[in-house]
Amino acid sequence: MATIKDKYAFVGIGLTKQGSLPDLTVDQLAVQAGLRALEDAGIKKADVGGYIFQQGIGGGPSAGAVRDIGIACQFALELQSGGATAVAAVCCAIGAMEAGICEAVMLLHATSASSMGVLVGAGGEGASTEGAYGWYSPAAMVAAMARRYMAVYGITERHLGMVATTLRENANKRPDAVMYGKKLTMEDYMKSRYIAEPLRARDCCLVNDGAVALIITTAERAKSLRRPPVYVMGYGLDHSQREASRTQQAIYQFDGPVTDKAKESAFGMAGIQPKDIDVAEFYDAFTISVPTQISSYGFCKKGEEGGFLEEGNIRLDGKLPCNTSGTEQSWSYLQGFSHLTEGIRQMRGEGGECQIRDAETCLVSGFGATGIGVSASCAILRR
Amino acid sequence: MSETYFKQLPVIDSTTKPFWDGARRHQLMAYKCLNCGTYYWPAIDCMACDNSKMEWAKVSGKGYVYTFVVYHQLYHPGWKEDIPYNVSWIKLDEGAVLLSNLVECKNQEIYVGMPVEVVFDDITDEITLPKFRPLT
């Protein structure tokens, strides 16, 4: 594994506008992002031999998107493990390059969720044992975990509010954020309606339209391209299909053993410790996932998350600046691609007003609970 | 089946039939490992000892609230009149954790660790849902 460290680097980012974009189809968004990533990297279409995409909420993009982007695909993959997908895609891209299939890969996520009016988690027709008890939606699944976690580790609703408001402050400094210009105070947070109590609307991620494409290539090729390379120091994945049926184990272990294994693998490969991380982009489809991962990834002990938040450690000027763009909470819901994109931008020094000065290392995490089980992923990036 | 019941009905297959048959008789059942005795719900092979020899066994129906949520957002039209309603995960004295609803108490009174016991809700002529109420 050690030989892979720093062997591959991100060289291109292509972003569309993020928000409500009813005039653009999901394919048009994907093409725009793909072409912008090529332009940003200064790489030829013919040199990008791989394409890996994740379907966003609401579906798409189609094969037409990659055809119109025009890269010379030797392979094209669709991946889906929910919020863990983005980092998993990085691993697949590196695997393909290690296998000698190609020397550059485009990773892409596109969604038209808000324009399609998707109610995430809505119940269907027919029999459902979970539905018989009114058990619907990822928000409730996380809310149940959150309630238990909060009771055991002393996390309060105000602590979740600290996550929501801190991330919103970050997004307020980023002109391309969905929530740019839209303030959120603690009072606003406490007044926001409950979705699945204890989680409020302001604990849940955005649902919006947008796309991003990222290009990763070999460190050697990266040297000749126009952007400063962002190297992959380490990565880790873990999965448990035993939790697939969302049984009690999913609730006990929502952020337990799978995260531990992903963390050990990534830090082992990178050869660094949590104290060496300058900025963290934690998967944040729901606010609760920030404190749970702060401790799971070793930045404090279990039970210390509340104090960690109260000390302001996750703020831009804190000990561990987290989710510096506002990520899924307030920047844009591109699932794990929100975090990967911001991690790369931070390492390039393109974080704008949210740039963490002299930041050299970044942890990017992903977490997904889908029909195929519970997956955790993380990557450590450096400039 | 009642024509006025608008919520979804449980999935009853060959594996889960004894659970629902038990519920209809007002007897709570859980899936028990024949090797180590660990109880489960729903029916899955034993995770404690990697065993697939399981049976449905009667359980006490007593336990506590492991965690719960209160729905304010409607996700299915069948629950329209119930908002805000609770979905509670009940850890039985035998160890299995059941998805259920807490009845005979207000949502504001529920807490993690609350002692509860099973009650049976005959929702149609054929189907009974085990639910729970505070243990008095």
**Request:** Can you find, among B:136, B:86, B:118, the residue farthest towards the positive end of the dipole of chain B? Put +1 on the C-beta of Lys and Arg, -1 on that of Asp and Glu.
**Result:** B:136
**Item:** For the stretch A:183-195, 3J(HN,Hα) per residue [Karplus equation, 6.51 cos²θ - 1.76 cosθ + 1.60, θ = phi - 60°, Hz, x = Gly/Pro]
**Value:** 6, 9, 8, 4, 5, 4, 4, 5, 8, 5, 5, 6, 9
**Principal axes of the stretch A:56-199: Cα extent on each, largest first, Å** = 51, 47, 33
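Return the subset of A:261/B:91; A:17/A:183; A:17/A:44; A:182/B:80; A:261/B:17 for which the Cα-Cα distance in this structure is over 29 Å, preserving the input order. Before the final figure, lay out the partial values.
Working: A:261/B:91 27 Å; A:17/A:183 20 Å; A:17/A:44 24 Å; A:182/B:80 32 Å; A:261/B:17 37 Å.
Result: A:182/B:80; A:261/B:17 exceed 29 Å.
Could you work out the per residue convex hull volume over the alpha carbons of the stretch B:1-68, in cubic angstrom?
Details: hull volume 8.9 nm³, N = 68.
Per-residue hull volume (Cα only) is 131 Å³.
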**Message:** Residue by residue through A:197-207, how many Cβ atoms from other chains fall within 10 Å of the Cβ on average?
**Reply:** 2
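Please state the charge dipole magnitude for the protein assembly as shown, taken about the Cα centre, from unit charges on C-beta atoms (+1 on K and R, -1 on D and E), reported in debye and rounded to the nearest 20. Each step should come with its number before you reach the end.
Values: 50 positive and 58 negative charges, 154 e Å.
Around 740 debye, computed over the protein assembly as shown.
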**Prompt:** What average count of beta carbons from other chains do you get within 10 Å of the Cβ of residues in B:85-91?
**Reply:** 4
**Asked** What residues have an amide H closer than 5 Å to that of residue A:304, excluding those fewer than 5 places away on the same chain, when H is modeled at 1.01 Å from N in the peptide plane?
**Response** none
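Please compute the contact order of chain A in relative form: average sequence separation of alpha-carbon pairs under 8 Å and at least six residues apart, divided by the residue count, as a percent.
On the way: 886 pairs, mean separation 96.7, N = 383.
Computed value for chain A: 25 percent relative contact order.
Other chains' Cβ within 10 Å of B:61-67 residues: what's the mean? If you can, show how the numbers build up before the last one.
Values: counts 0, 0, 0, 0, 3, 7, 13.
Mean partner-chain Cβ count within 10 Å for B:61-67: 3.
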**Request:** Can you pull the one-decimal nm distance between simple spin-label points at residue B:35 and residue A:75, each 7 Å off the Cα toward Cβ?
**Result:** 3.6 nm
**Request:** Apply the Debye scattering formula to the stretch A:156-213, with a single equal point scatterer on each alpha-carbon and no solvent, then give log10 I(q)/I(0) at q = 0.20, 0.26 Å⁻¹.
**Result:** -0.76, -1.10
**Item:** Förster radius 56 Å - calculated FRET efficiency between residue B:27 and residue A:46 (Cβ-Cβ, nearest 0.05)
**Value:** 0.20
**Complete:** Share of Cα-Cα pairs in the protein assembly as shown beyond 37 Å, whole percent, is 31 percent
**Message:** Quick check on the exposure proxy: order A:5, A:301 from fewest to most C-beta atoms within 10 angstrom.
**Reply:** A:301, A:5
**Stretch gain in nm, segment residue A:152-residue A:176, where the contour uses 0.36 nm per residue and the Cα spacing is subtracted** = 4.9 nm
**Asked** Among the aspartates and glutamates, which fall within straight-line cross-link reach of residue A:191, defined as a Cα-Cα distance under 14 Å, with same-chain neighbours fewer than 8 residues apart omitted?
**Response** A:157, A:203
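Classify the stretch A:57-132 from the C-alpha gyration tensor, please: rounded if a/c falls under 1.5, else prolate or oblate depending on whether a/b exceeds b/c.
Working: a/c = 3.19, a/b = 1.92, b/c = 1.66.
In terms of gyration-tensor shape, prolate.
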**Request:** Evaluate Rg over Rh across the stretch A:269-373, taking Cα atoms for both radii and Kirkwood's formula for Rh.
**Result:** 0.95
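Would you list B:20, A:331 from fewest to most Cβ contacts within 10 Å? Mind showing how you got there, number by number?
Working: B:20 21, A:331 32.
Ranking B:20, A:331 by Cβ neighbours within 10 Å, fewest first, gives B:20, A:331.
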**Message:** Quick check: the distance between the Cα centres of the stretch A:274-295 and the stretch B:60-136, to the nearest angstrom?
**Reply:** 32 Å
**Asked** Can you sort B:119, A:258 by how many other beta carbons sit within 10 Å, fewest first?
**Response** B:119, A:258
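No value in this document is a laboratory result; all are computed from the given coordinates. Just so we're clear, the structure is a prediction, and the values are computed from it rather than from any experiment. A quick note on method: Cβ atoms are made from the backbone with ideal geometry, for glycine too, and the neighbour counts reach across all protein chains shown.
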